[in-house]
């Protein structure tokens, strides 16, 4: 007589399979969560090739910073008052002559690779300009590399006149190591320490700009360094990773407690100094980070000056190219960051600035009469409110028309 399974045994088998599946899911989440949260190798080639600022006509120095735990971080440093020198050919293996030894030792252009930092020879136009301008620390999202975000950095540098520092977290691009919360906090602190010891940047007003998980990094950095981070710009970031899991990965909702990566911005934002002006940029169609996360962060923020700009059709990846994005940033910088720059200036510096403005106006007038133009004269520090709106609109248009194809290559970010 054949064996006929009972309902009880069938339920037992199914229950056992489900239990094994759940345990396996929990194990995978616990073991591979850093790979899910920090897909530093996506898209393909992100760790083999990193675009450099000179490709966007941005002067830069690529530094390699050593962290306290011996990781090597790549950082792009873009200083106001510098410009790209005439392009020089990449170095070739050739015999060195006596004439070569007599030539000035100007750095030769070379490409950034995993084993060497890139070099784009620079000319210094105004050695004092960088320390009179705000510095933006650019903290990128969780996929791709910092090179993917250079179109946005170009707007901060060219249109808003800021120094720009771009950090490649450990494990991203050509930086060594593997990414995790503890390590990235070390990376940002190392970069902040570098800025505060830099001869041209140490006394500048620092704005931390973070997209998605970069927003969580910015919040944490500001909470731990109340005297060093002076303003925040946050785009589409979240309350915490465990609170985000049910939305991003519904099947593993029951195992959110196994998450070892927290980025608890909901708590950290309450610890930020009330003197730090903060701008929230929220895409209301964000499919990865529910907009209520940004709303809750805004509500918990204790800063005296806090502003929120909503983009009705902005999704997680395209909020930064929506109409009004750069306009909102330009107005925020003009109203709240330039004020900080002016407040930190002495009377002598203010007088010097007025003299430079007068000289700049005369030079601009002379250039206009001669029929020439200089894009560097578009100084947002010297603009009126309406003029900044016009410049922000131009920047927005440029980003939409020219940068969107590049930005579209950036993978889904967290």
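The values are calculated or read from the model by the stated rules, or taken from the named source; none is laboratory data. Note that the structure is predicted; figures quoted are calculated from it, not measured. Neighbour counts run over all protein chains shown; Cβ positions are idealised from the backbone, glycine included.
Can we say residue 275 is without any contact (Cβ under 8 Å) to a residue 12 or more places away in the chain and either in contact with a strand residue (DSSP E or B) (Cβ under 9 Å, 6 or more places away or on another chain) or farther than 16 Å from residue 213 by Cα (or both)?
no
What is the number of the single condition among (1) out of contact with any helix residue (DSSP H, G or I) (no Cβ under 8 Å at 6 or more places or on another chain); (2) more than 25 Å from residue 329 (Cα to Cα); (3) assigned to a loop (DSSP other than H, G, I, E, B) that residue 226 does not meet?
(2)
Mind checking which residues of the range 177-211 are touching a strand residue (DSSP E or B) at 6+ places or on another chain (Cβ under 9 Å), in a loop (DSSP other than H, G, I, E, B) and closer than 15 Å to residue 230 by Cβ?
Those that are touching a strand residue (DSSP E or B) at 6+ places or on another chain (Cβ under 9 Å), in a loop (DSSP other than H, G, I, E, B) and closer than 15 Å to residue 230 by Cβ: 201, 204, 205.
To keep it simple, each residue is scored yes or no on (1) modelled with pLDDT under 90; (2) exposed (fewer than 12 other Cβ atoms within 10 Å of the Cβ); (3) part of a loop (DSSP other than H, G, I, E, B).
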| site | (1), (2), (3) |
| --- | --- |
| 51 | no, no, yes |
| 58 | no, no, yes |
| 62 | no, no, no |
| 68 | no, yes, yes |
| 75 | no, no, no |
| 80 | no, no, yes |
| 92 | yes, yes, yes |
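Conditions first: (1) under 26 Å from residue 199 (Cα atoms); (2) at pLDDT below 95; (3) within 22 Å of the chain's Cα centre (by Cα). Residue 163 passes all but one, so which condition is the exception?
Unmet for residue 163, out of (1) under 26 Å from residue 199 (Cα atoms); (2) at pLDDT below 95; (3) within 22 Å of the chain's Cα centre (by Cα): (2).
Determine which member of the set 290, 250 is under 18 Å from residue 37 (Cβ atoms) and touching a residue at least 12 places away in the same chain (Cβ under 8 Å).
290
Count, please, the residues in the range 109-160 that happen to be touching a helix residue (DSSP H, G or I) at 6+ places or on another chain (Cβ under 6 Å), closer than 22 Å to residue 342 by Cα and either part of a loop (DSSP other than H, G, I, E, B) or without any contact (Cβ under 8 Å) to a residue 12 or more places away in the chain (or both).
2
Is it the case that the range 171-183 has a residue that's within 19 Å of residue 234 (Cβ to Cβ), buried (at least 24 other Cβ atoms within 10 Å of the Cβ), in contact with a helix residue (DSSP H, G or I) (Cβ under 8 Å, 6 or more places away or on another chain) and modelled with pLDDT of 95 or more?
The answer is no; no qualifying residue exists.
For the range 230-347, give me every one of the strands (runs of 3 or more DSSP E) that falls completely inside it and has 3 or more residues that are within 18 Å of the chain's Cα centre (by Cα), modelled with pLDDT of 95 or more and closer than 26 Å to residue 161 by Cα.
Details: elements: 231-235, 278-283, 306-311.
Output list reads 231-235, 278-283.
Only one of 253, 224, 260, 275 is buried (at least 16 other Cβ atoms within 10 Å of the Cβ) and farther than 29 Å from residue 322 by Cβ. Can you tell me which?
Exactly one of 253, 224, 260, 275 is buried (at least 16 other Cβ atoms within 10 Å of the Cβ) and farther than 29 Å from residue 322 by Cβ, namely 224.
Checking residue 240 against (1) in contact (Cβ under 8 Å) with a residue 60 or more places away in the chain; (2) closer than 26 Å to residue 318 by Cα, only one condition comes out false. Which one?
It is condition (1) that residue 240 fails.
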